[in-house]
Amino acid sequence: MTFRNAADKVPWFDWKIQHGIASLLIECKNTEALSYDDLRQTAAYLGKHMGRVGILASRKHHGEDVLKMLNVFVNNEEKYVLVVNDQNLIDWIRLKDRGEDPTDAIADLYRSLREGAQ
């Protein structure tokens with residue numbers, strides 16, 4: 001699914017400009033473990049028309065092997081797939097319920113992926 005990025009404040013506005021995110025891709029995988037093909041499929045959607053940042057939601061926490069695969073997409077194609085799990089989504093919903101903004105948590109995911117790929 002995609003959501004229009006109508007942001008006018010950071011970090012979403014910055015990402016809209018820097019990574020061409022007019023619409024944000026959110027892909028959901030009902031799987032316990034992500035494979036390279038799962039990550040590759042999500043990364044393949046990203047690019048000139050969709051922008052270079054997307055979110056991939058899966059059931060469980062991912063390990064170091066997934067981070068290594070994600071770094072390949074960042075280093076070779078400048079595509080950022082932010083991988084989240086059920087617990088991340090629950091935490092973000094709880095933040096919203098308390099009137100807080102989960103944007104900082106999302107920005108932290110992006111930042112850790114970007115820094116980990118260097």
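The values are calculated or read from the model by the stated rules, or taken from the named source; none is laboratory data. Computed from a predicted structure; not experimentally measured. Neighbour counts run over all protein chains shown; Cβ positions are idealised from the backbone, glycine included.
Worth a mention:
- Some residue of region 43-62 being over 23 Å from residue 5 (Cβ atoms), in contact with a strand residue (DSSP E or B) (Cβ under 6 Å, 6 or more places away or on another chain), at pLDDT below 95 and buried (at least 16 other Cβ atoms within 10 Å of the Cβ): yes
- Filtered residues of region 67-104 (kept if within 17 Å of residue 27 (Cβ to Cβ) and either of a type in the set (D, E, K, R) or over 13 Å from the mean Cα position of the chain (by Cα) (or both)): 69, 77, 79, 86, 92
- Residue within region 86-101 that is surrounded by 12 or more Cβ atoms within 10 Å (Cβ to Cβ) and part of a strand (DSSP E or B) present: no
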